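First the structure, in the form of structure tokens, and then the observations on it.
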Amino acid sequence: MNLQGTVVPRWPKRLTVMLLCFLATFVCFLDRVNMSVAAIAMQEEFGWSETTKGLVLSSFFVGYLIFQVPSGWLTSRFGGRHVMAIAIIWWSAFTILTPLAAAISLPLLMVARIGMGLGEAATFPAAYYLGARWFLPAERSRFVGVLLTGIPAGTLFALLTTGSLIRAWGWQSVFFAFGTFGLVICALWFTLIRNSPAEHPRISPAERALLTHMEGKGEDRRRSTPWKELLSQPPVWALVLNHFCSNWILYVLLTWLPSYFMQTQKLNIVSAGLYSAAPWLSMVVTGNLATTLADRMVRRGFDVTLVRKLFQLIALIGAAAALLTVRGVTDSGHALLLMCAALGFLGLTWAGFSPNHLEIAPRHADVLVGLSNTAGTIPGAIGVAVTGWLVDRTGSFDSPFFAAACIGAAGALIWLCFATGKRIVD
């Protein structure tokens, strides 16, 4: 990686940081999404209604929501390395305990899911902390793109494997296998990751000089969080609200696609998992193409604000159009193409709002992502449950998809009016 023309090793240490951040996000969503498929088998075993299943799926987001800002503060205080390591151990343990909790009672299952959410809340604050310290400004879209690739990659892997694991060994096996995998990733993380280039004992002199020069400009200096200054800036609120709007679409599809393909398109549990996986593959492709193109545009002198607005607007308007079109579609192939389009467009947000934390307040990106992801988690806590309720009331997914499209369009308008790619908080 030689984006600035500096001679660096073939495998610089920041590539290891990027890879491990990807793996952390991968296992985070692997452990999160397995419930979307396992819940179908659990619903049959425990006799849940769609509303009850929606409450189980959304309970995770309660813990995820309430610990976003605290995890951002902890990361700014103790660094991304230690916070992420503890978080992975925490949520992996709750993943492994999920079958036991479900066997005892529904309330205890929901407590276990909330506990898991508390751990996963630290994922993005810790990763953004490292991104601000290990990556140059013209590399940050790409870093965020690789980091966020863990979302569809983990989702894709979970959807492709969970159905087969359930059929072979029962739904309990999914939580045991994926929770154990998380502990393996944690061991790699703690061994290979450091908070900053200055702390790494095996970094090359060339890479240390390159990144220390960035730190010398103030990127790594710690200071108290200027909450008043942050919360008084319209671009901060545009970022927070776009995290909410983008995630409303993301979480509705993340948790309900398997059920949609089973109930509306009449597929079995294995086929529903396979059909649900394809849209996430489209998100991997478009998200990484978008971040690569965005960094290239920035290096060639395009205004950063223009780049962020362009990708975010295309993403939200395109995803909204796909969700409006899919309503009433009864052909599974046609529905699959439209879901691929919805998540494919949504992948462009990786070059839209997603890197913006590192641009408008790079020294406080960990706290800012905790703040914006608090808003971004509300759709998981509310939107997922509301989707189950609407499906119970209307007998279809048309109303939830219409609501998601309207929220996406609102986010696009807010972003157009108030977003910026310039630093606004020192």
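Rule-based calculations on the coordinates, nothing more; no lab input. Quantities reported herein were computed from a predicted structural model and do not represent experimental measurements. Cβ: placed from backbone, ideal geometry, glycine included. Neighbour counts: every protein chain shown.
Please order Met297, Met18, Met42 by the number of other Cβ within 10 Å, starting at the fewest. Spell out each step's value before the answer.
Values: Met297 18, Met18 24, Met42 21.
So the residues, fewest neighbours to most, are Met297, Met42, Met18.
Determine the relative contact order of the chain: mean sequence separation of Cα pairs under 8 Å and six or more apart, normalised by residue count, in whole percent. Could you put the intermediate results ahead of the total?
On the way: 749 pairs, mean separation 112.2, N = 426.
Computed value for the chain: 26 percent relative contact order.
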query: Can you sort Glu229, Glu44 so the residue with the fewest Cβ neighbours within 10 Å comes first?
result: Glu44, Glu229
- prompt: How far, in degrees from 0 to 90, does helix 205-214 lean away from the longest principal axis of the Cα atoms of the chain, to the nearest 10?
  reply: 90
field: Whole-Hz couplings from phi, Karplus 6.51/-1.76/1.60, listed for the stretch 330-336; x for Gly and Pro
entry: 10, 7, 5, x, 5, 4, 4
message: Between 0 and 90 degrees, rounded to the nearest ten: what's the tilt of helix 13-46 against the longest Cα principal axis of the chain?
response: 10
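Can you classify the stretch 356-426 as rounded, prolate or oblate using the Cα gyration tensor, where a ≥ b ≥ c are the square roots of its eigenvalues, rounded means a/c under 1.5, and otherwise it's prolate if a/b beats b/c and oblate if not?
Oblate shape, in that a/c is at least 1.5 and b/c is the bigger or equal ratio.
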task: Measure out, as a whole number of angstrom, how far apart the alpha-carbon centroids of the stretch 94-153 and the stretch 7-85 sit.
output: 2
- request: Kindly provide the helix-only [θ] at 222 nm of the chain, computed as the sum of -39,500 (n - 2.57) over DSSP H runs of four or more divided by all residues, to the nearest 500 deg cm²/dmol?
  value: -26000 deg cm²/dmol
- request: With Rg/Rh (Cα atoms, Kirkwood Rh) defined as stated, name the option among [x] 0.96; [y] 1.15; [z] 1.03 computed from the structure displayed.
  value: [x]
In Hz, Karplus ³J(HN,Hα) per residue of the stretch 224-241 (6.51, -1.76, 1.60; θ = phi - 60°; x = Gly, Pro): 5, 6, x, 4, 4, 5, 4, 6, 9, 9, x, x, 5, 5, 4, 5, 4, 5
- prompt: In which sequence would Cys406, Cys28 go, from the one with the fewest C-beta neighbours within 10 Å to the one with the most?
  reply: Cys406, Cys28
The stretch 32-89 shape via C-alpha gyration tensor axes, a/c threshold 1.5: prolate
